[in-house]
Amino acid sequence: MSKRHRPDPEAQPPKIEVRAHARGERHRINSELQRVTNEVCGGLEPDDALEPGASWKPVHHHDAARAKAAPGRVRHWKLKMWKRRSAARKAKAQAIRLVVDEV
């Protein structure tokens, strides 16, 4: 279903800026991990190395606060998965009717 019926309250930044920010974050994370790796390979005990904390992790696409605030959404019924299941049930019922009629 398209998003035209669900307007976003705040305007999203341009995709180029989002990609640039994500690339910067990946570079920062890799640099931090590389620094820790170099320290450990240089003779420092792994227990003594300062690992980056939880703040080094990138922000995921899923916004937990928004998910908690939203009421439980019901999935739309008209999905291909449902159609396949309905067709399979109808075919199975037809096969059973044929077997019962023969006996």
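Every number in this text was worked out from the coordinates using simple rules, so none of it is lab data. These numbers come from a predicted model, not from an experiment. Cβ placement follows ideal geometry from the backbone for every residue including glycine, while neighbour counts extend to all protein chains displayed.
According to a simple spin-label model (label point 7 Å from Cα along Cα-to-Cβ), what is the distance in nm between Cys41 and Arg28?
2.4 nm
Starting from the Cα of Ala49, step 7 Å along the direction of its Cβ; do the same at Ile96; then give the gap between the two resulting points in nm.
Reported label-point gap for Ala49 and Ile96 is 6.0 nm.
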